[in-house]
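Worksheet: the structure to be examined is printed underneath.
FYI, it's all coordinate maths here, none of it is from the lab. Given the structure is predicted, the values throughout are model-derived calculations rather than measurements. We place every Cβ from the backbone using ideal geometry, glycine too, and count neighbours over all the protein chains shown.
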Ligand SMILES: Cc1ncc(COP(=O)(O)O)c(C=O)c1O
């Protein structure tokens, strides 16, 4: 729902959205459902190919980039530090709207996970989305969004319109 809400506040029909190839199919369906055209860039063992991102930015007017830097779905690759820095530079230079999907941040047992791109210097362009569903268990559909204050207010209004009172855990 967070991906849908964020994307619907950003995308207009005909806009171009940059995604990895392959990427999370339900996010792609959200973007295409909102009328966006997907521009795809490859992923390798260092994550999303940021050289290809730069090329795509020169060629197309990109409205939104969707990224999964930590445990990319479906490849599970984590984006390298070098590519994170490159991507952050591109985000700042092009003033890009970005959805950072960090659905799996808590599942990292071998080393401390890299901090999200959203914790770096991005001038308010990154909308960070996380999920507690994997920790709490599938029946608890609980996600969260971190973004600029105005964007959060708009997202909260949209959320209210989709589901007025949300899920109430209080029993009668
Ligand atoms: C990349 C990605 N984003 C978002 C989600 C949705 O996460 P959740 O099921 O925790 O809401 C998933 C689910 O596996 C996913 O793979």
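Here are a few things to note about the model shown:
- Residue check for residue 42: in contact with a helix residue (DSSP H, G or I) (Cβ under 7 Å, 6 or more places away or on another chain) and under 14 Å from residue 116 (Cα atoms): no
- Residue count for segment 91-114 satisfying the condition of being under 24 Å from residue 51 (Cα atoms) and either loosely packed, with under 13 Cβ neighbours inside 10 Å or touching a residue at least 60 places away in the same chain (Cβ under 8 Å) (or both): 5.
- Close Cβ contacts (under 6 Å, 6 or more residues apart or on different chains) running from residues in segment 21-50 that are free of Cβ contacts under 8 Å to residues at least 40 places away in the same chain and closer than 18 Å to residue 63 by Cα to residues that are more than 16 Å from the ligand (Cβ to nearest atom) and part of a loop (DSSP other than H, G, I, E, B) comprise 34/11; 35/13; 36/11; 36/15; 39/60; 41/49.
- The residue of segment 11-35 that is farthest from the ligand (Cβ to nearest atom), among those that are assigned to a helix (DSSP H, G or I) and in contact with a helix residue (DSSP H, G or I) (Cβ under 9 Å, 6 or more places away or on another chain), is 33.
- Some residue of segment 94-101 being within 16 Å of the ligand (Cβ to nearest atom) and part of a loop (DSSP other than H, G, I, E, B): no
- Members of segment 115-129 found to be over 18 Å from residue 64 (Cβ atoms) and under 16 Å from the mean Cα position of the chain (by Cα), listed by number: 115, 119, 120
- Whichever residue in segment 145-165 is under 25 Å from residue 71 (Cα atoms) and either over 17 Å from the mean Cα position of the chain (by Cα) or away from the ligand (no atom under 16 Å from the Cβ) (or both) and, among such residues, is surrounded by the most Cβ atoms within 10 Å (Cβ to Cβ): 147
- Those residues of segment 37-77 which are part of a loop (DSSP other than H, G, I, E, B), away from the ligand (no atom under 13 Å from the Cβ) and crowded, with 17+ Cβ neighbours inside 10 Å, in sequence order: 49
- Residues (within 13 Å of the ligand (Cβ to nearest atom), part of a loop (DSSP other than H, G, I, E, B) and touching a helix residue (DSSP H, G or I) at 6+ places or on another chain (Cβ under 8 Å)) located in segment 117-139: none
- Set side by side, the residues 26, 31 differ, and just one is buried (at least 21 other Cβ atoms within 10 Å of the Cβ) and more than 24 Å from residue 115 (Cβ to Cβ), which is 31.
- Residues considered: 88, 142. Of these, the only one that is touching a helix residue (DSSP H, G or I) at 6+ places or on another chain (Cβ under 7 Å), free of Cβ contacts under 8 Å to residues at least 60 places away in the same chain and away from the ligand (no atom under 16 Å from the Cβ) is 88.
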